[in-house]
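Here the structure comes first, spelled out in structure tokens, and everything after it is commentary.
What follows is calculated from the coordinates using simple rules that are stated; it is not laboratory data. Computed from a predicted structure; not experimentally measured. Cβ: placed from backbone, ideal geometry, glycine included. Neighbour counts: every protein chain shown.
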Amino acid sequence: MKKVLVLYYSQSGQLKSVMDEIVAPLSRCDNVQCDYLKIEPETVYPYPWPFYAFFNVFPEAVYLDGCPVKPLEAEEDYDLIILGYTSWFLSPSIPITGFLQSGQAEKLFKNKPVVTVIACRDMWLMAQEKMKKLLAGLGAHLVDNVVLTDQGKSLYTFVTTPRWMLTGKKDAFWFFPRAGVHKEEISASSRFGERLCNALQHDEERSNLPLLKNMGAVNVNGKLIATEHIAHRSFLIWSKLIKKAGPQYSKGRNVVITIYAFFLLTLVLTVVPLNMLIRKLISPFRKKALDKAVRYYEQPSGR
């Protein structure tokens with residue numbers, strides 16, 4: 001009997017829908033026990049997010065200051081672990097980070113093959129780089145990565161995603177598309193569960209090699225790589241300033257957050273579109289370097 005541990009933390013429910021699709025074939029798989037568990041922080045985070053609550057967790061997310069989480073009712077030994085997470089400020093969500101920094105995670109993940117599953121806007125590269133380090137610190141083996149991103153164009157999601165997070169509304173409005181991953185893409189993610197079922201039947205997980213390669217598990221938008229690197233460097237600077245201004249929800253922190261919000265809005269309206277245009281124009285001259293970067297970030301699953 002093969003044992004699979006499926007873990008996730010989802011606020012809006014979108015990631016859970018993805019995980020449900022992946023888990024369904026596994027739950028029907030012969031000789032496979034699938035334990036499907038939600039990671040729960042001891043202090044619940046709000047959804048939809050109030051504006052200042054949303055930005056008050058910004059520094060902690062960026063610097064991987066995980067929160068305390070409730071212990072899982074899990075067994076001690078699994079053949080495969082599937083970990084679903086969302087990106088908060090180009091980092092794994094705080095509850096996911098908190099769990100991976102726990103003693104229980106250290107016992108569960110050591111020497112285990114891990115498949116990560118991400119559902120987010122469209123910028124997840126830095127979050128996955130941090131995830132790689134967290135998993136390596138636990139002695140786990142990252143064998144695959146599945147990424148589902150929002151259906152709207154990148155510029156549109158600068159509006160639709162914050163609206164969704166701050167109001168709970170994800171419907172289409174004006175000329176903006178519906179926020180979130182397309183329903184058809186979510187449904188199609190069941191193919192990953194089917195492939196993992198087959199792999200488990202043939203002991204392929206023991207090789208610590210990719211199980212979902214060439215299945216369209218991850219597709220990197222090369223034009224966003226440089227943008228994400230720039231954004232992450234900016235996040236590191238601003239999150240440090242916000243953190244130094246005071247503890248969460250303090251007056252000092254909220255003042256700096258207000259300044260940062262205006263800075264971010266100005267950035268999105270001016271610098272970001274200009275940077276994307278410049279990157280598009282110079283991309284033909286940097287094709288080799290860009291292709292190399294895309295191949296790196298698409299590992300281990302590739303196309």
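In degrees, nearest 10, range 0 to 90: what is the angle between the Cα axis of helix 154-167 and the longest Cα principal axis of the chain?
80
Mean-square fluctuation check for the chain, GNM, Cα pairs under 10 Å: which of Phe262, Phe176, Phe158 is largest?
Phe262
Of His182, His202, His141, which is the most mobile in a GNM of the chain whose springs link Cα atoms less than 10 angstrom apart?
Maximum fluctuation in the GNM of the chain, among the listed residues, is at His202.
Quick one: P(r) of region 1-126 from all Cα-Cα pairs, 5 Å bins, percents rounded to integers, in order of increasing distance.
Reading upward from the zero bin: 2, 10, 20, 24, 20, 13, 7, 3, 1, 0.
Give me the distance between the Cα centres of region 157-172 and region 207-266, rounded to whole Å.
18
Suppose every Lys and Arg Cβ carries +1 and every Asp and Glu Cβ carries -1, with no other charges. What dipole size does the chain come out with about its Cα centre, to the nearest 20 debye?
1440
Taking H placed 1.01 Å from N in the peptide plane, check which residues at least 5 places from Leu142 or on another chain put their amide H under 5 Å from its amide H.
Val114
Within 10 Å, count the other beta carbons around each residue, average over each peptide in 52-65, 20-33, 2-15, and list them highest first.
Sorting 52-65, 20-33, 2-15 by mean packing, highest first, produces 2-15, 52-65, 20-33.
With contacts defined as alpha carbon pairs under 8 Å and 6 or more residues apart, what's the relative contact order of the chain in percent?
RCO, the chain: 21 percent.
Can you run phi through the Karplus equation (6.51, -1.76, 1.60; θ = phi - 60°) for region 104-111 and list ³J(HN,Hα) in whole Hz, with x for Gly and Pro?
Using θ = phi - 60°, the values come out as 5, 5, 4, 6, 6, 8, 4, 6 Hz.
Taking the 0 to 90 degree range and rounding to the nearest ten, how far is the long axis of helix 225-244 tilted relative to the main principal axis of the chain, both from C-alpha atoms?
With both axes taken from Cα atoms, the answer is about 70 degrees.
Pairing rule first: another cysteine's C-beta must sit under 4.7 Å. Under that rule, which cysteines of the chain stay single?
When partners are defined as cysteine Cβ atoms under 4.7 Å apart, the chain leaves Cys34, Cys67, Cys120 without one.
If you take every DSSP beta bridge whose two residues both sit in region 2-220, what share of them, in percent to the nearest 5, is antiparallel?
Antiparallel bridges: around 15 percent, rounded to the nearest 5.
Would you compute, from DSSP H runs of 4+ residues alone, the mean residue ellipticity of the chain at 222 nm, taking -39500 (n - 2.57) per run and dividing by the full residue count, rounded to the nearest 500?
When only DSSP H runs of four or more count, the value is -14000 deg cm²/dmol.
Past the 30 Å Cα-Cα mark, which pairs from Lys133/Lys170; Lys170/Lys223; Lys70/Lys133; Lys38/Lys110; Lys132/Lys240?
Table pairs above 30 Å Cα-Cα are Lys133/Lys170.
Roughly what would the spin-label model give for Glu42 and Glu106, points 7 Å off Cα along C-beta, in nm?
1.7
Could you work out how much longer the chain between Phe176 and Asp203 gets when fully extended? Use 0.36 nm per residue separation minus the Cα distance between them, nm to one decimal.
Extending this stretch completely gives an extra 5.1 nm.
Starting from the Cα of Glu73, step 7 Å toward the Cβ, then list every residue of region 24-40 with an amide N under 20 Å from that point.
27, 33-40
Quick one: which residues, 5+ away or cross-chain, put their amide H under 5 Å from the amide H of Val117? H built at 1.01 Å from N.
Leu83, Gly84, Tyr85, Val146
Pull up all non-local amide H partners of Val69: gap of 5 or more, or a different chain, and H-to-H distance under 5 Å with H placed in the peptide plane.
Glu42
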